[in-house]
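Shown next, in structure tokens, is the structure this report addresses.
What follows draws every value from the coordinates through simple rules; no lab data is involved. Worth saying up front: this structure is predicted, and the values here are computed from it rather than measured. We place every Cβ from the backbone using ideal geometry, glycine too, and count neighbours over all the protein chains shown.
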Amino acid sequence: MNCTSRTCIGRFAPSPTGALHFGSLVAAVGSMLDARARGGRWLLRIEDVDTPRAVPGAADRIITTLARFGFEWDGDIVWQSRRGEAYRHAFDTLVAAGMAYPCACTRRELANAPLARDGSRRYPGTCRDGLGAGRSARAWRVRAEGVIRFNDLVQGPQSLELASDAGDYVVLRADGLFAYQLAVVVDDIAAGVTHVVRGADLLDSTARQIHLQGLLGAPPPTYAHLPLATNAAGEKLSKQTLARAIDDAPPAAALLAALRFLGQAPPPTLASAPLAQIWAWALAHWSIDAVPRCRKAVATAFF
């Protein structure tokens with residue numbers, strides 16, 4: 001997709017559940033460079049819709065770290081926790097169209113359901129035709145129907161049969177919070193996002209998001225899922241796997257490591273260059289085609 005500065009929009013959307021680590025940096029670098037290289041805008045969104053999981057102070061820490069590393073975003077930062085009205089409007093639209101229905105099932109009742117591609121429990125459709133006698137709604141689900149096909153710029157052609165590979169998915173949770181799948185789609189539509197560049201851990205959620213975009217009358221963006229940075233054991237870098245925070249890391253060295261992880265091959269002369277010079281080289285030489293065509297890779301160069 002060829003873009004102009006008015007039509008190409010990318011974004012980085014971290015969740016404030018902890019500090020940024022090397023895997024977060026890889027996603028941020030890839031998304032910003034891809035948007036800028038297309039002559040477009042790059043937005044920052046704090047995905048704090050899951051308020052119980054948000055760590056106090058983590059969002060401010062993320063923003064400070066991004067600024068220290070030389071990231072520059074366009075416009076105001078979007079906070080999902082402040083966008084409940086927009087999510088409610090989209091939810092009401094789905095309900096009015098008959099595409100969302102109430103579900104009374106508990107986690108315990110679904111504990112033995114087969115796994116969907118993304119590791120969640122695939123819903124067996126228990127409440128699709130109405131709630132059982134004496135039962136009340138806990139959550140709301142969207143009817144997942146049809147086959148979703150798209151071409152990922154890194155991972156290649158993708159195909160997912162929603163009913164068998166994903167199942168009906170939640171858009172309004174039992175605790176009253178809107179689900180991530182709905183929030184991310186509503187926010188991307190509102191911002192006019194055209195390119196979503198993010199980690200491959202979200203690849204298996206993409207079909208549901210494309211499905212929702214269609215139900216809400218919006219065209220899907222172009223997707224590029226970067227290799228997921230893992231530790232030596234093959235585990236995703238995260239707070240749970242004790243990934244090292246990059247808050248105090250030397251920005252230039254970390255940025256060069258991220259570029260190498262993404263297959264960009266910065267020259268050795270940049271090792272002693274100021275941060276601004278590294279960014280200038282990265283933007284001038286960015287190639288999405290050079291990104292390794294794999295779903296995960298060990299991050300050995302820096303962390």
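Observations
- Whether the stretch 240-293 is rounded, prolate or oblate, judged on the alpha carbon gyration tensor where a/c under 1.5 counts as rounded: oblate
- Summary: within the chain, the longest segment free of trypsin sites (Lys or Arg not before Pro) located in DSSP loops with at most 12 other C-beta atoms within 10 Å is 129-292.
- Look at where the Cα atoms of the stretch 109-154 and of the stretch 16-38 average out, and the two centres are 30 Å apart.
- Selected from 111, 284, 139 as most flexible by GNM, with the chain as the system and alpha-carbon contacts under 10 Å: 111
- Projected over every direction and averaged, the convex hull enclosing the alpha-carbon atoms of the stretch 52-198 yields 11.4 nm².
- Projecting the Cα atoms of 179, 137, 162 onto the charge dipole of the stretch 113-180 (Cβ charges, centred on the Cα centre) puts 137 farthest toward the positive pole.
- Hydrodynamic radius by Kirkwood, which averages 1/r over all alpha carbon pairs of the stretch 1-69, in angstrom: 12.8
- Quotient of Cα Rg and 2.2 N^0.38 Å for the stretch 84-154, N being how many residues it contains: 1.31
- Computed from phi, the 3J(HN,Hα) profile of the stretch 77-90 under the Karplus parametrisation 6.51, -1.76, 1.60 (θ = phi - 60°) reads 5, 9, 10, 4, 5, 9, 10, x, 5, 5, 5, 4, 4, 5 Hz, with x in place of Gly and Pro.
- GluC sites (Glu not before Pro) lying in DSSP loop within the stretch 82-166, provided at most 13 other Cβ fall within 10 Å: 109, 145
- Debye intensity ratio I(q)/I(0), log10, the stretch 128-264, q values 0.09, 0.10, 0.21 Å⁻¹ (C-alpha model): -0.38, -0.47, -1.30
- If you bin all the Cα-Cα distances of the stretch 1-131 at 10 Å, starting from zero, the percentages per bin are 10, 27, 30, 23, 9, 0.
- Beta bridges assigned by DSSP with both partners in the chain are antiparallel in approximately 55 percent of cases.
- Kirkwood radius and radius of gyration were both taken over the C-alpha atoms of the stretch 137-215, and their ratio Rg/Rh is 0.97.
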